[in-house]
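What follows is a set of notes on a single structure, which appears directly below.
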Amino acid sequence: MRIVYHAENIIDAQLAKDVLESESIPAFVSGAYLTGGVGQLPARDLITVMVPNMAVEQAQRILREAFPDRPPRAEWQARTVPA
């Protein structure tokens, strides 16, 4: 699995996940439960959307098309998540 999207909040993450799944790309929201720790944890980059390695390029393209008003972020570059 690789991170393809850093969400602003859980709703943003779910929207991105739904867009990917509507294009038959399996997606997983990671960090959704960490928002309860805000105040204890840095409130940045807690929630991400992940896809299988083989779907990274297609997922990134779909997300750029789905969220054109969102400025590109360096962190959007897909990263491998340790197993």
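Each value in this text was obtained by applying a stated rule to the coordinates, not by laboratory testing. Computed from a predicted model, the values in this text were never measured in an experiment. When we count neighbours, we look across all protein chains shown, and the Cβ atoms used for this are built from the backbone with ideal geometry, even at glycine.
In nm, to one decimal, how far is the residue 24 label point from the residue 53 one, both placed 7 Å along Cα→Cβ?
Here the modelled spin labels are 2.3 nm apart.
Can you check what the net charge comes to around residue 28, using other residues whose Cβ is under 13 Å from the Cβ of residue 28 (Lys, Arg +1; Asp, Glu -1)? Each step should come with its number before you reach the end.
On the way: positive: 2, 17; negative: 18, 21.
It works out to a net charge of 0.
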